[in-house]
Amino acid sequence: MTASVHGPVDVVCLGESMVTFLPTQAGRLADVPSFVRGIGGAESNVACALAAAGHRTRWVGRVGADGFGDHLVSAIAAYGVDTSAVARDPERPTGVYFRTATDRATDAHEVVYYRAGSAASAMSPHTVPSGAIRSGRVLHLSGITAALSPDCLALMRDLATRRDGGPLVSFDVNHRPGLWGDPSAAGVLLELARGADIVFVGEDEAEEAWGVRGADAIRAALPEPSVVVVKRG
């Protein structure tokens with residue numbers, strides 16, 4: 001099912017959504033006998049939460065022309081999110097990942113991604129509909145998308161820029177070192193954050209990526225955005 005919201009929307013969220021497999025019991029991935037299917041994706045999660053709170057939202061992304069892509073589009077649309085701008089890629093699969101039931105803050109927590117070469121990694125300034133992206137009052141992005149491919153990074157650099165008459169740009173840094181595989185992440189994420197109007201960043205990730213500690217130091221490192229939200233804990 002593809003949902004379409006008629007008229008303007010409040011928030012457009014762009015990014016990769018994946019099928020997540022959640023364990024039916026605690027334990028190592030090697031020992032878990034079965035999993036249940038869900039949806040995962042920082043940006044689509046925001047769209048779903050805002051839609052549930054009564055806002056008009058649109059998720060823009062790219063999934064495979066496969067059953068997992070069908071599931072994602074249908075499940076996200078069921079929250080009332082507009083999914084009409086989600087592209088289906090016949091050549092690349094929908095990303096999936098598996099995780100343990102252990103709390104994410106512990107060393108026992110495991111996450112295994114199967115997203116290399118995914119449909120979402122083919123997002124670029126040429127494959128994503130600009131009209132749908134800029135149709136809301138707010139455009140919400142995250143640093144995860146920039147790590148998926150050079151084309152995705154080019155798209156993010158195009159979008160994470162304040163423009164007169166355009167939507168407010170909201171950017172969640174979402175530093176994931178494992179996705180990048182090289183030290184360029186810190187500089188790229190700082191560049192993208194400085195181009196946004198609203199920035200969300202955790203104290204821990206700001207210290208890890210930029211070597212700055214505390215809300216005042218983070219604000220000093222990001223003077224350009226109108227609003228900087230520092231997440232603690």
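The values are calculated or read from the model by the stated rules, or taken from the named source; none is laboratory data. Remember, it's a predicted structure, so these values are computed and weren't measured experimentally. For neighbour counting, all protein chains shown are included, and Cβ atoms are generated from backbone atoms with ideal geometry for every residue, glycine included. Side chains included, ligands, DNA and RNA excluded: accessible areas come from the protein's heavy atoms. Shrake-Rupley method; radii C 1.70, N 1.55, O 1.52, S 1.80 Å.
Each row is one residue, and each column tells you yes or no for (1) crowded, with 18+ Cβ neighbours inside 10 Å; (2) acidic (Asp, Glu); (3) in contact with a Lys or Arg (Cβ under 9 Å, 6 or more places away or on another chain); (4) touching a residue at least 12 places away in the same chain (Cβ under 8 Å).
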{"position": "THR100", "(1), (2), (3), (4)": "yes, no, yes, yes"}
{"position": "SER130", "(1), (2), (3), (4)": "no, no, no, no"}
{"position": "GLY136", "(1), (2), (3), (4)": "yes, no, yes, yes"}
{"position": "SER170", "(1), (2), (3), (4)": "yes, no, no, yes"}
{"position": "VAL173", "(1), (2), (3), (4)": "yes, no, no, yes"}
{"position": "GLY178", "(1), (2), (3), (4)": "no, no, no, no"}
{"position": "PRO183", "(1), (2), (3), (4)": "no, no, no, no"}
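Quick grid of which residues meet (1) open to solvent by 60 Å² or more (accessible area, probe 1.4 Å); (2) under 22 Å from LEU148 (Cβ atoms); (3) hydrophobic (A, V, I, L, M, F, W, C); (4) more than 16 Å from the chain's Cα centre (by Cα):
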residue	(1), (2), (3), (4)
LEU14	no, yes, yes, no
SER17	no, yes, no, no
GLN25	yes, no, no, yes
GLY40	no, yes, no, no
PRO90	yes, yes, no, yes
THR94	no, yes, no, no
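Would you kindly identify the strands (runs of 3 or more DSSP E) lying entirely within the stretch 7-66 that contain at least 3 residues that are closer than 25 Å to GLY117 by Cβ? So that I can check it myself, show each step before the final result.
Values: elements: 9-14, 18-23, 35-40, 57-60, 62-64.
Filter on the stretch 7-66 gives 18-23, 35-40, 62-64.
Kindly indicate whether any position in the stretch 69-87 is in a strand (DSSP E or B), among the charged types (D, E, K, R), modelled with pLDDT of 95 or more and open to solvent by 40 Å² or more (accessible area, probe 1.4 Å). Steps first, answer last, please.
Just the residues of the stretch 69-87 that are in a strand (DSSP E or B), to begin with: 82, 87.
Checking which are among the charged types (D, E, K, R) leaves us with 82.
Next, from what is left, pick out any that are modelled with pLDDT of 95 or more: 82.
Checking the rest, the ones that are also open to solvent by 40 Å² or more (accessible area, probe 1.4 Å) come to none.
No, every residue in the stretch 69-87 fails to be in a strand (DSSP E or B), among the charged types (D, E, K, R), modelled with pLDDT of 95 or more and open to solvent by 40 Å² or more (accessible area, probe 1.4 Å).
Contact map, the stretch 212-227: first residue in contact (Cβ under 8 Å) with a residue 24 or more places away in the chain and open to solvent by 30 Å² or more (accessible area, probe 1.4 Å), second residue in a helix (DSSP H, G or I) and not aromatic (Phe, Trp, Tyr), Cβ cut-off under 7 Å, separation 6 or more or different chains; pairs are GLU224/ARG194.
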